[in-house]
Amino acid sequence: MTKLGILEGSLRNASLSRAAGRAAAGLVPDGMTAVALPNPGSLPLFNQDVLDEGMPDSVAAFMDAVDGVDALLIVTPEYNWSIPGGLKNAIDWLSRRKPNPLSGKPATIWSVSPGLLGGARVHEGLRHTLLSQSMLVMATPEVQIATAKAKIDVETGQITNADTEAFLQDHLSKFAAFCH
């Protein structure tokens, strides 16, 4: 049984990407379970001076949660053509643990946006960052949920577009195979 950790890139409670992340737990194939990881907004900004004083409790709990999963699904918006700061900060903290809890772990990315590009530009930079941590990143098929307001119900955390739901289920099935 593959335990999939869902890592949200947005800090906003009413985020489309957070809603898509909640929906993902109900879309995983047989042989996979999904758990939501702590939101990156719970972490202080990475600062070596803070680390030198001792690992913050919120960071240690986040690291333990990532250690406890077999693979990562990162569901994120795109901010200014790049990775949201809170998500990058979480990866920066994780990279400080030895051994690195990301090393060798399979990962896949869903970008979510109300715009027409679906957050497409976040993929390249995020893949680059994940590869720097020796993660095994499934590059295709890419998931870019464009015009997401018409496809995701933020309040219920449900995918409301049948084609989108089928595509995401298929993607998670392919990711489950990638993980083995």
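Name the one entry in 116, 102, 87, 94 that is of a type in the set (A, V, I, L, M, F, W, C) and in contact (Cβ under 8 Å) with a residue 40 or more places away in the chain.
Details: 116 fails: in contact (Cβ under 8 Å) with a residue 40 or more places away in the chain; 102 fails: in contact (Cβ under 8 Å) with a residue 40 or more places away in the chain; 94 fails: in contact (Cβ under 8 Å) with a residue 40 or more places away in the chain.
One residue alone meets the criteria, 87.
Output the residues belonging to the stretch 103-129 that are aliphatic (A, V, I, L, M), outside any strand (DSSP E or B) and either crowded, with 21+ Cβ neighbours inside 10 Å or at positive phi (or both).
We begin by selecting, within the stretch 103-129, every residue aliphatic (A, V, I, L, M); these are 107, 109, 112, 116-117, 120, 122, 126.
When the remaining residues are screened for being outside any strand (DSSP E or B), the result is 116-117, 120, 122, 126.
Listed by number, the residues that qualify are 122, 126.
Check 19, 61 and return the single one that is out of contact with any Lys or Arg (no Cβ under 9 Å at 6 or more places or on another chain), buried (at least 22 other Cβ atoms within 10 Å of the Cβ) and either part of a strand (DSSP E or B) or among the hydrophobic types (A, V, I, L, M, F, W, C) (or both). Please lay out each step first, then the result.
On the way: 61 fails: buried (at least 22 other Cβ atoms within 10 Å of the Cβ).
Being out of contact with any Lys or Arg (no Cβ under 9 Å at 6 or more places or on another chain), buried (at least 22 other Cβ atoms within 10 Å of the Cβ) and either part of a strand (DSSP E or B) or among the hydrophobic types (A, V, I, L, M, F, W, C) (or both) holds for just one of 19, 61, which is 19.
If you scan the stretch 24-41, which residues turn out to be within 13 Å of the chain's Cα centre (by Cα) and surrounded by 14 or more Cβ atoms within 10 Å (Cβ to Cβ)?
Step one: of the stretch 24-41, the residues within 13 Å of the chain's Cα centre (by Cα) are 24-25, 34-40.
Matches in the stretch 24-41: 24, 25, 34, 36, 37, 38, 39, 40.
Determine which member of the set 45, 37, 7, 51 is under 20 Å from residue 155 (Cα atoms) and touching a residue at least 40 places away in the same chain (Cβ under 8 Å).
Values: 45 fails: under 20 Å from residue 155 (Cα atoms); 37 fails: touching a residue at least 40 places away in the same chain (Cβ under 8 Å); 51 fails: under 20 Å from residue 155 (Cα atoms).
Checking each option against the conditions leaves just 7.
Mind listing whichever residues of the stretch 162-180 are aliphatic (A, V, I, L, M) and touching a strand residue (DSSP E or B) at 6+ places or on another chain (Cβ under 6 Å)?
Going through the stretch 162-180, the residues aliphatic (A, V, I, L, M) turn out to be 162, 166, 168, 172, 176-177.
Within the stretch 162-180, 176 is the sole residue that qualifies.
Specify the residue that is farthest from residue 17 (Cα to Cα); the eligible residues are those in the stretch 162-179 that are of a type in the set (A, V, I, L, M) and in contact (Cβ under 8 Å) with a residue 12 or more places away in the chain. If you could, list the steps in order and put the result at the bottom.
Let us first name the residues in the stretch 162-179 that are of a type in the set (A, V, I, L, M), namely 162, 166, 168, 172, 176-177.
From what is left, the residues that are in contact (Cβ under 8 Å) with a residue 12 or more places away in the chain are 168, 172, 176.
Working: 168: 13, 172: 16, 176: 21 Å.
Checked the stretch 162-179; the qualifying residue farthest from residue 17 (Cα to Cα) is 176.
Restricting attention to the stretch 22-55, which residues are in a strand (DSSP E or B), farther than 26 Å from residue 96 by Cα and of a type in the set (Val, Ile, Thr)?
Kept after step one, since they are in a strand (DSSP E or B), are these residues of the stretch 22-55: 32-36.
Right, trim to farther than 26 Å from residue 96 by Cα and you get 32-33.
If the condition is that a residue be in a strand (DSSP E or B), farther than 26 Å from residue 96 by Cα and of a type in the set (Val, Ile, Thr), then 33 is the only one that fits.
With respect to the numbered conditions (1) in contact with a Gly (Cβ under 6 Å, 6 or more places away or on another chain); (2) not in a loop (DSSP other than H, G, I, E, B), which one is the sole condition not fulfilled by residue 11?
Going through (1) in contact with a Gly (Cβ under 6 Å, 6 or more places away or on another chain); (2) not in a loop (DSSP other than H, G, I, E, B) one by one, residue 11 breaks only (2).
If you take the residues of the stretch 137-161 that are within 17 Å of residue 117 (Cβ to Cβ), free of Cβ contacts under 8 Å to residues at least 60 places away in the same chain and among the aliphatic types (A, V, I, L, M), which of them is surrounded by the fewest Cβ atoms within 10 Å (Cβ to Cβ)?
The qualifying residue surrounded by the fewest Cβ atoms within 10 Å (Cβ to Cβ) is 150.
Just so you know, all these numbers are worked out from the coordinates, no wet-lab data involved. The shown structure was predicted, so the numbers you read here are calculated from the model rather than taken from an experiment. Don't worry about glycine lacking a Cβ; one is built from the backbone with ideal geometry, like all the others, and counts go over all protein chains shown.
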